[in-house]
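The values are calculated or read from the model by the stated rules, or taken from the named source; none is laboratory data. If you're wondering where the values come from, they're calculated on a predicted model, not measured in any experiment. Because the Cβ atoms are built from the backbone with ideal geometry, glycine has one as well, and the counts that use them run over all protein chains shown. Remember, those area values only see protein heavy atoms, side chains included, never the ligands or the DNA or RNA. Shrake-Rupley method; radii C 1.70, N 1.55, O 1.52, S 1.80 Å.
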Amino acid sequence: MFKVHAIPAKRLPALLKAMPKAELHIHIEGSLEPELIFALAQRNQVSLPYASVDALRAAYAFTNLQSFLDIYYAGASVLLHEQDFYDMAWAYFERAAADHVVHAELFFDPQTHTERGVPMQTVVHGLYRACQDARTHWGIDASLILCFLRHLSEEAALETLEQALPFRDCFIGVGLDSSEVGHPPEKFARVFARCKELGLHLVAHAGEEGPPSYIWSALDVLGVQRIDHGVQALKDERLMHRLVAERVPLTVCPLSNLKLRVFDTLADHNLGKMLDAGVCVTLNSDDPAYFGGYIGDNFVQTFEALNLTAQQAYVLARNSFEASFVSTQQREKWLHELKLCVESFVEHDD
Ligand code: ADE
Ligand code: ZN
């Protein structure tokens, strides 16, 4: 019998850190720390509208998704060369390794760069090389998911897909991100259909700020395999039943939701309710450099605010592997390692 309940509460923070886990919702451009933004700005002679690292950090007082995106796109403007993309991803992997992330699926936003004249190859090769080196250096298995910016047109997304096809082997899937409200998933029906034909995995942000109907259309029109965020699903009972019945994973990011004011406090977050309802939720960082924490911080702060248990920690880590786009054999291997790790925290009477 697997006695997760026999783990004492005082050992929970150590367990949260030590558990092998997968991160499935991280925008690599959102891992650019202010110090690296300034270092790259200097290296590339890019001028920033902020006088210092502190001034930039002080601007991280967001009121909603759009107020964050404006600063996030400005931060990404320092990325010009292949090595810049490599260095950004390398810095993320260093943090991820410390949090015992063994598998990461990184979102990247090529249009943010190609629109500024940076070639697709520069973006993809820099990130891909960092993913390969992360395996050698930290044993982290990493892959890339190309996101289309939903505030731009579907034609622009189709063109971006064409530009990316020479590098088809460097990414495993596509996603949909940026300003949600007013840009429903169905706007991208054709490009997602094309991606499906190409055998790419499909995910989309839905129900972050937008209504449950966006989650329905991400599933029914785009045919996505996972929903990113999805926290608005709890407003729609029929949708909740479907998510549970079909085991549709939601990649939830509590610190992001807090900073973008989706919830007033972390104690108001609905992650616990989602878990209780039996939804396959995973816990992730979204844009860790902007939202005050990487995946480990998300685990520790959310567990504290919601009084979650060791059993729920185990479920979240298990869900992260279940929801990941890896082979069954690889998944089973990590699930076994997770079990061994959790068992090592059980306190025995003898
Ligand atoms: N791009 C980066 N972070 C995002 C988020 N939280 N929602 C939508 N688009 C994003
Ligand atoms: Zn996101």
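Taken over the chain, the convex hull of the Cα atoms encloses 135 Å³ per residue. Applying a threshold of 29 Å to the alpha-carbon distances of Lys21/Lys187; Lys3/Lys333; Lys21/Lys259; Lys17/Lys196; Lys187/Lys333 flags Lys21/Lys187; Lys17/Lys196; Lys187/Lys333 as lying beyond it. Protection proxy ranking of 316-324, 225-233, 209-217, by the mean of other Cβ atoms within 10 Å over each peptide's residues and highest first, is 225-233, 316-324, 209-217. Average accessible surface for the chain: 40 Å² per residue, computed with a 1.4 Å probe over protein heavy atoms with every protein chain in place. Just to confirm my numbers, what's the Cα centroid distance between the stretch 26-70 and the stretch 166-223 in Å? Here the two parts' Cα centres lie 27 Å apart.
Pairs of C-alpha atoms in the stretch 18-129 farther apart than 21 Å represent 38 percent of all such pairs. Protection proxy ranking for 62-70, 184-192, using the average of other Cβ atoms within 10 Å per residue and placing the highest first: 184-192, 62-70.
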